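Asker: Below you will find the structure I want to go over with you.
FYI, it's all coordinate maths here, none of it is from the lab. In this text the structure is predicted, and so the values were computed from the model without any measurement. Please note: Cβ atoms are built from the backbone with ideal geometry, for glycine as well, and neighbour counts cover all protein chains shown.
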C-alpha cells in the first residue's frame, strides 16, 4: 500500500513538474470540461460548470448579427463591464449547447469574439461569471443556411 | 505539428488586442460523408495564450466552433516587443504552438 501511494505521488508530481517546466504544454495539462460540452441545455451546461441560476444582466453586450447568412460561420462577441473571470457562449438549438468557454485570468479584459456553427435559427446565450456569480444575456440569431452540413 | 496559426497582437494604451486565426477542420461529428458514415468529431479543445510564461487567456472550444477558428481577446500587462505564445491541443492529441511579437 505504501508503494502504491508513493507511485501515485511520484506520478502526479512529475506531471506537475513537467507542466511547470513546459515539457508538456499547459494546454495539455489543462482540463477540457467534457461534461459541459456534452450538456444538452442551459441548465446541464451550467451545472457542469459549477454554476447556479444566472441573473439576466443588461451589462453583457453581445455582438452578433440578427440574421446570419451562413450558419457555419456566425461571428459572436461578448463583452461586459462586469469583472468577469469566465465567459461562455451557448447555442440553444445546437445538439451540444456549449459552443465555447473562456477563462479570464487577472489582467484579461472581459471581451471575446469568435465564430460558431449554428444548425438553425436559435437563441444564443452569453454566460458570464463575475465575483462568483453567474449572469446571462440572450440574443436570437436567425440563420438562413444551417451550419452543420444538413 | 499541424498548420500554423496567424497571430496579430497590438498594444495600445496598455491593452493588448490579440487576434488569432487557427487552421483546423473543426468537424462537429454531426456530418455524414457520401457513403452515409458519420464523419468523426475532430476539433481543437483548448487554446492557451501566454506571455513570459504567464497565462493571459484560455479558451475551451467545442465542436460547434467554426472551421479555422478565429479568436479575438484583450489583456493588460504586456508591452510592445513582448512575445505572446499561443498553444492549442485538439481531441486527437495533435497540437500547435506559435508565437508573435506584440507590436
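Asker: Based only on Cα atoms, what mean projected area does the convex hull of the stretch A:31-95 have, in nm²?
Answerer: 5.5
Asker: Calculate the translational D of the stretch A:32-143 in whole µm² s⁻¹ from Stokes-Einstein, where the hydrodynamic radius comes from the Kirkwood formula applied to all Cα pairs, the temperature is 20 °C and the viscosity 1.002 mPa s.
Answerer: 155
Asker: A further question follows. At residue B:100 and residue B:42, where each label point lies 7 Å from the Cα along Cα→Cβ, what is the point-to-point distance in nanometres?
Answerer: So the two model labels end up 2.6 nm from each other.
Asker: Another question, if that's okay. Can you give me the distance in nm between label points at residue A:31 and residue B:31, each placed 7 Å from the Cα along the Cα-to-Cβ direction?
Answerer: 3.3
Asker: Based only on Cα atoms, what mean projected area does the convex hull of the protein assembly as shown have, in nm²? Please report the intermediate quantities before stating the final value.
Answerer: Numbers: hull surface 63.4 nm².
So the mean shadow area of the Cα hull is 15.8 nm².
Asker: Count, for each residue of A:110-121, the Cβ atoms from other chains sitting within 10 Å of its Cβ, then give me the mean as a whole number.
Answerer: Values: counts 2, 6, 6, 6, 11, 9, 6, 9, 2, 3, 0, 0.
Mean partner-chain Cβ count within 10 Å for A:110-121: 5.
Asker: Return the average number of partner chain Cβ atoms within 10 angstrom of each residue Cβ along peptide B:35-46.
Answerer: Partner-chain Cβ atoms within 10 Å, mean over residues of B:35-46: 2.
Asker: For the stretch B:1-66, what does the alpha-carbon gyration tensor say about shape, rounded, prolate or oblate, given a ≥ b ≥ c as the root eigenvalues, a/c under 1.5 as rounded, and a/b over b/c as prolate? Spell out each step's value before the answer.
Answerer: Numbers: a/c = 3.15, a/b = 2.83, b/c = 1.11.
It is prolate, given that a/c is not under 1.5 and a/b is the larger ratio.
Asker: Please compute, for peptide B:84-90, the average count of beta-carbon atoms on other protein chains lying within 10 Å of each residue's beta-carbon. Don't skip to the end; give the middle numbers.
Answerer: Numbers: counts 0, 3, 1, 6, 2, 8, 1.
Per residue, the number of nearby Cβ atoms from other chains is 3 on average.
Asker: Go ahead and run the numbers for FRET between residue B:23 and residue A:131, Cβ-Cβ distance against an R0 of 41 Å, rounding to 0.05.
Answerer: 0.65
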